[in-house]
Amino acid sequence: MLTNKIFKCTLFSVLVSGLFLAGGCGDKNAAREETSVVTKVSGKTMGTFYSITVPGGFAGGEAGLKKLAEDEFKKIIDAISTFDDEAELSKFNAFESTQPYPVSEYLADIVEECVHQSRRIDGAMDISVGPLVNLWGFGKKKTGGRIPSQEEIDEARKYVGSDKFEVRKTPHGPFLLKHDRRVKLDLATVGEGLGADAVARALDRLDVKNYMVAVAGASRSRGMNPKGEFWKVGIEDPSKPEHSVFAVVCPLDQAMSTAGSYRNFFKDEATGKVFSHAIDPVTGRPVEHSTLSVTVIDRSTFVTDALDTGLLVMGADKALEWGNRYDVAVYTIEYKDGKAVGRHTKAFDQYLKCAEK
Ligand code: FAD
């Protein structure tokens, strides 16, 4: 067995920084103000990478920008990490009881919003999928690519599902409650989105007009790039081993994230079969269709990150049908006739068209 743990679309942030300097996107009549002062920082967080660019310069310089970002990331890690035993979610997961467990307003709100987003896509994204994620070796405990038995999958599925836990908001504060003491929640799918949103919000509070924040595959941008043009972001070509661009978009101040089945997976060397980290909560198994990635553009990376994994689980046809029905900007890449093929919903059109200018 071979385990390939490369963080999902980590490259994406590299593409972001590579691409935003390329010109040609934006209103040709708008006055373009090129700036040579740019504050740029990057680093590691949540087991992946982040990068932030502020054209025009950040008042606190690189050190100030890094501190701002890492303070925000710490709040998220302290609340939702399942990699840190001291994090609030880890403690809830370790609490093997069906008694109400007091949690912070912050964690309760995240869980509640995830449940809401999950319902929008018929449970294809399910934050109680943790036991299955662990069983397939994609959680904190890496099991070296072991394929679990059907009995193990069936057993884990007994405590996976949005009916197996609840958020209870009371005058005494919010609680999380397990209906089966074995329930474990996994918010990994929204961690990067929460991170990008948090930094963007902090920059907005400081009235920073132009920025690009990327945490792995989740990005938030505002205003203009250092060339005075709209930001451009690349969607990675999942069919190529090297980091190359499949499509280019202008997010136009919206949030954007991509979920892919092609960077975090293991291969069963005996059969050559590949198992990705996107788990279908219905079957309890990694998805097997030919959809390689799903990109969503919406109002926040929390929302896009919550949706993209579920839409990936649903596969391109259903994801695009859903996006067109609810007017959501969705871009899919799938493997067809030996090559990668991109399709998108009507709402995604404007972001591609802008990048063509
Ligand atoms: P996404 O597509 O956004 O999400 C996929 C992940 O969601 C899967 O890996 C699985 O965990 C889960 N998932 C799978 N199927 C479903 C489904 N149907 N519904 C819902 N969820 C599903 N990794 C480390 O190696 N070391 C660390 O210290 C570490 N710390 C972290 C701290 C935090 C706060 C978070 C959020 C993550 C951390 N990670 C860490 C995890 C790592 O970065 C993950 O690989 C990443 O968060 C998963 O997101 P993604 O972008 O790769 O994939």
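The values are calculated or read from the model by the stated rules, or taken from the named source; none is laboratory data. Bear in mind the structure is a predicted one, so any value in this text is a computation, not a measurement. Heads up, the Cβs are rebuilt from the backbone with ideal geometry, glycines too, and the neighbour counts pull from every protein chain shown. The protein model used for the area step is the full one, side chains on, heavy atoms only, and it has no ligands, DNA or RNA in it. Shrake-Rupley method; radii C 1.70, N 1.55, O 1.52, S 1.80 Å.
Straight-line cross-link partners of Lys339 among the aspartates and glutamates, defined as a Cα under 19 Å from its Cα and at least 8 positions apart when in the same chain: Glu236, Asp237, Glu242, Glu288, Asp317.
Phi angles of the stretch 67-76 translate, via the Karplus equation with coefficients 6.51, -1.76, 1.60 and θ = phi - 60°, into HN-Hα couplings of 5, 4, 5, 5, 5, 5, 4, 4, 4, 5 Hz per residue; Gly and Pro are given as x. Using the 1.4 Å probe convention, the accessible area of the chain works out to 44 Å² per residue with neighbouring protein chains retained. Rounded to the nearest Hz, the phi-derived 3J(HN,Hα) couplings of the stretch 177-183 under the Karplus curve 6.51 cos²θ - 1.76 cosθ + 1.60 (θ = phi - 60°) are 9, 9, 8, 9, 4, 8, 4, where x marks glycine and proline. Counted residue by residue at 0.36 nm each, then reduced by the alpha carbon distance between them, the extension gain from Ser162 to Lys339 reaches 60.1 nm. For the chain, the relative contact order comes to 22 percent (Cα pairs under 8 Å, sequence separation of at least 6). With a cut-off of 17 Å on the backbone N, the residues of the stretch 126-168 near the modelled label site 7 Å out from His116 along Cα-Cβ are 126-127, 166-168. Diffusion coefficient of the chain by Stokes-Einstein, Kirkwood radius over Cα pairs, 37 °C, 0.692 mPa s: 158 µm²/s. Legend: calculated FRET efficiency, Asp268 to Ser36, from the Cβ-Cβ distance at R0 = 51 Å, rounded to 0.05, equals 0.45. Ellipsoid semi-axes for the stretch 149-247, based on the Cα gyration tensor and the rule √(5λ), read 38, 25, 7 Å when sorted largest first.
In the structure shown, the pairs Lys267/Lys336; Lys44/Lys74; Lys74/Lys209; Lys67/Lys91; Lys91/Lys178; Lys44/Lys67 are assessed against 18 Å; a Cα-Cα span above that value is assigned to Lys267/Lys336; Lys74/Lys209; Lys67/Lys91. Helix-only arithmetic for the chain: the sum of -39500 (n - 2.57) across DSSP H runs with n ≥ 4, divided by the residue total, places the mean residue ellipticity at 222 nm at -10000 deg cm²/dmol. Heavy atoms only, probe 1.4 Å: what % of the accessible area of the chain goes to carbon and sulfur, would you let me know? Roughly 52 percent of what the probe reaches on the chain is carbon or sulfur.
Scan the stretch 276-342 for trypsin sites (Lys or Arg not before Pro) in coil per DSSP, keeping those whose Cβ has at most 11 other Cβ atoms within 10 Å, and list them by number. Passing sites in the stretch 276-342 are Arg299. For the stretch 129-245, a crude dipole built from +1 on the beta carbon of Lys and Arg and -1 on the beta carbon of Asp and Glu, taken about the Cα centre, is about 420 debye to the nearest 20.
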